[in-house]
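Here is the structure we will look at.
Each reported figure results from applying straightforward, stated rules to the coordinates on display, with no laboratory input. Values in this document were obtained by computation on a predicted structure and should not be read as measured data. Glycine also receives a Cβ, built like all others from the backbone with ideal geometry; neighbour counts cover every protein chain displayed.
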Protein chains: 2
Amino acid sequence: MKAVETISWDDDEGAVTFIDQTQLPGHYRLVRCRSVDRLISGIRRLEVRGAPALGVAGAYGVVLASRKIKEKEHSRFMRALWVEAARIRGARPTAVNLSTGVDFVMRAVEDAHSVSAARADSLHAARLFASADARACRELGTHGASLIRGRTAVLTHCNAGALACSEWGTALGVVRSAVEAGAEVQVFACETRPLLQGARLTAWELQRDGIPVTVIPDSSAAFLMKRGEVDIVIVGADRITTDAVFNKIGTYMHAVSARFHGIPFYVAAPLSTFDPGRSGGDVTIEERDRKEVASCGGAVTVPEGVDVRNYAFDLTPHELVTAFITDIGVIEPPVDWEKIETARRAGGM
Amino acid sequence: MKAVETISWDDDEGAVTFIDQTQLPGHYRLVRCRSVDRLISGIRRLEVRGAPALGVAGAYGVVLASRKIKEKEHSRFMRALWVEAARIRGARPTAVNLSTGVDFVMRAVEDAHSVSAARADSLHAARLFASADARACRELGTHGASLIRGRTAVLTHCNAGALACSEWGTALGVVRSAVEAGAEVQVFACETRPLLQGARLTAWELQRDGIPVTVIPDSSAAFLMKRGEVDIVIVGADRITTDAVFNKIGTYMHAVSARFHGIPFYVAAPLSTFDPGRSGGDVTIEERDRKEVASCGGAVTVPEGVDVRNYAFDLTPHELVTAFITDIGVIEPPVDWEKIETARRAGGM
């Protein structure tokens, strides 16, 4: 399987470059962001999305900002860079990785004594962060693959694949690693309303890799579980706090259904997604524009004037999680946060 | 509240007339079916849908067939009518009401001794069936309203409203009756993928009646339950067998979530929806065209060549149902089938 390169830094162009995920599966289009504003709007519009990919976008975003700031005096330059870093960090509130990526690079440039050193250090750090993400996905894939033997039907939600990371994927990274290790995996991809990342992106990725995939409406997952057609559920995560998993709206419903039917429910996420300092109540759940639900492919699907509730994420308590599949191994709750923190520190997070 | 007349017989035109529900909420268009073929295609395309409305469509369908058959000899006429009745009955497999409506009218014409008497009797019977449906919805509404007091948030799925019946509605009939009785009801309408009957139809009906309604993606229902925002769930039904409720795909998921959160889960359905002779395993669950899931408003949402599973219905065991709201009262499981059968016979079913 050849990995998709979802997001990268193009040094010739001085641009953060990514696949426009709003256009898939119809069009494969690369976006080159040459300004921080363009990057932020790309993040808000979900041209680039998925927690680990947002981390990399945050990291390269700092590189981009460092090239764009015209201040020649070092301390003024750094003040301006902090302002830009805060703007990038604030582009979306729920996924922790965006902050993790920004902060990783900002810590690396703190020690630089000149503008040019800061610019060079930021690129070095961002590349390190991106390759650490890619490596983490491969490692969690290997750990997760040990949970999948023989013929297995995996249900997943949204897209926690190569397109959500710099490559390979989290939930789909586990699937890929299992297939490489010889398992026969069939994936049920929940379409994931309202923006259909499961139907559009997960299906696209898996078809490209020749892994059998069937798209289903989100609401039929529980029924397939009842019919005995689902062996395990694997989802990604946007943030894992001390008590809860934040992930795409619908994740909680799958966790409840999996528990009801006695089906294992796994969350695949690198350490960069863990947020040791926070509990669920401290995190803002992004509510997005009404029109994402109220129209589809140009057609109006909700009468004008009718209210819509459009949470981008929900929150699943750790008690409903069978285990977390991470780059340092498969971890059953209750999570040993000391171990997580030590490993995060070792990775410079 | 002024009821919508979803389906009727236009005697001047010799046509079954209904609102084209595929065009709502954008366009309000009446369809006049002057042939059985046109009616069957309208049923298959879901121009008219909803279990009770399908019953009325079946009843008027026999009237239409009786006008179209040119045979003058009575026994030949009746043979041709039986053929047409079987075709109408077979238009969709899951909702029992379609058969109930057809059979009700066929039984009424069996005793006629001439073609003209059969034609007259069919119209008489069909009108009786339609008005019985309307009355049943009003009655079940009144029974159900007793379950809703003060400020109540009701979650519903698909459209079990006036548009699913000849008027008033089942699940939404209960809401309407409760509002008339003074309750303050807020409805969460699950959008209901893939064809969005909740977003398009339930929202349209309730907005028209001035009842507050909020549309949500199907996958967020469990999360709203967890947040404590849902007081009760009320859905309709396409067929109630001795062990299970067949209703729009997603119903089972809501039943599981409601049970998990300790929220009452009601099924509102007239006696015509009960099928005393059958258990869940005997009923065909309609699987519909891939393209309902794979495209939306003209946009392709699933890559070409990727499989789709598109069940139109699922099956919820009676154990997950708090009670059935029927025209003869609120019935907790286990269902007393003798009582149901006696009442159905009294209604000529």
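Summary table below
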{"item": "Principal axis dimensions, segment A:181-234 - Cα atoms, whole angstrom, descending", "result": "30, 27, 15"}
{"item": "Distance in nm between pseudo-label sites at B:Ser116 and A:Val83 (7 Å out along the Cβ direction from Cα)", "result": "9.3"}
{"item": "Longest to shortest principal axis, alpha-carbon extents of chain A, angstrom", "result": "66, 50, 40"}
{"item": "Segment B:104-157 and segment A:14-33: distance between their alpha carbon centers, rounded to Å", "result": "55"}
{"item": "Rounded tilt (10° steps) of A:171-180 against the dominant C-alpha axis of chain A", "result": "70"}
{"item": "Euclidean distance between Cα centres, segment B:308-340 to segment A:258-272, Å", "result": "31"}
{"item": "Partner chain coverage, peptide B:200-211 - average Cβ within 10 angstrom", "result": "2"}
{"item": "Simple Cβ-charge dipole of the protein assembly as shown, Lys/Arg +1 and Asp/Glu -1, about Cα centre, in debye nearest 20", "result": "1160"}
{"item": "At 7 Å out from Cα toward Cβ: A:Gly297 inter-copy label distances (nm, ascending)", "result": "1.1"}
{"item": "Folded to 0 to 90 degrees: helix B:51-68 orientation relative to chain B principal axis, Cα", "result": "20"}
{"item": "Inter-copy spacing of A:Glu338 label points, which lie 7 Å from Cα along Cα→Cβ, given in nm from shortest upward", "result": "6.7"}
{"item": "Straight-distance crosslink candidates among aspartates and glutamates, where the alpha carbon sits under 17 Å from B:Lys68 and sequence neighbours closer than 8 are dropped", "result": "B:Asp10, B:Asp11, B:Asp12, B:Glu13, B:Asp37, B:Glu84, B:Asp121"}
{"item": "Debye equation applied to the C-alpha atoms of segment B:116-225, log10 I(q)/I(0) at 0.20, 0.22 Å⁻¹", "result": "-0.98, -1.12"}
{"item": "Where only alpha carbons of the protein assembly as shown are counted, the Rg and the Dmax (Å)", "result": "28.3, 105"}
{"item": "log10 of Debye I(q)/I(0), alpha-carbon scatterers only, for segment A:7-138 at 0.09, 0.19 Å⁻¹", "result": "-0.23, -1.00"}
{"item": "Segment B:142-346: Cα Rg divided by the 2.2 N^0.38 Å rule of thumb", "result": "1.01"}
{"item": "Among A:His74, A:Val102, A:Ile88 - extreme Cα towards positive end, dipole of segment A:7-138, charges at beta-carbon", "result": "A:Ile88"}
{"item": "Within segment A:142-346: Cβ-based charge dipole about Cα centre, in debye rounded to nearest 20 (Lys, Arg +1; Asp, Glu -1)", "result": "340"}
{"item": "Sum of -39500 (n - 2.57) over DSSP H runs of 4+, divided by residues of the protein assembly as shown (222 nm, nearest 500)", "result": "-12000 deg cm²/dmol"}
{"item": "Computed lengthening from A:Ser131 to A:Arg45, 0.36 nm per intervening residue step minus Cα-Cα distance", "result": "28.5 nm"}
{"item": "Between helix A:115-145 and chain A: long-axis angle, C-alpha atoms, 0 to 90°, nearest 10", "result": "10"}
{"item": "Over 13 Å [Cα-Cα, segment B:71-135], rounded percent", "result": "63"}
{"item": "Free-standing Cys, the protein assembly as shown [no other Cys Cβ under 4.7 Å]", "result": "A:Cys33, A:Cys137, A:Cys158, A:Cys165, A:Cys190, B:Cys33, B:Cys137, B:Cys158, B:Cys165, B:Cys190"}
{"item": "Cα-centred dipole magnitude for segment B:7-138, charges only on beta-carbon of K, R (+1) and D, E (-1), debye, nearest 20", "result": "320"}
{"item": "Residue and distance (whole Å) for the chain A Cβ nearest the axis that superposes A on B", "result": "A:Gly297, 2"}
{"item": "Percent RCO, i.e. relative contact order, over segment B:142-346, from Cα pairs under 8 Å lying at least 6 residues apart", "result": "21"}
{"item": "Calculated FRET efficiency for the pair A:Tyr28/B:Glu332, C-beta based, R₀ 35 Å, to 0.05", "result": "0.05"}
{"item": "Order by protection proxy (mean Cβ within 10 Å, highest first), peptides A:129-141, A:290-302", "result": "A:129-141, A:290-302"}
{"item": "Positive-pole candidate from B:Tyr28, B:Leu128, B:Val115, dipole of segment B:7-138, charges at beta carbon", "result": "B:Tyr28"}
{"item": "Shielding by other protein chains, B:19-25, mean Cβ within 10 Å", "result": "1"}
{"item": "Copies compared at B:Thr284 - label distances in nm, ascending, label defined 7 Å from Cα in the Cβ direction", "result": "5.3"}
{"item": "Those lysines that a straight Cα-Cα span of less than 28 Å connects to B:Lys291, excepting residues fewer than 8 apart in one chain", "result": "A:Lys226, A:Lys248, A:Lys291, B:Lys248"}
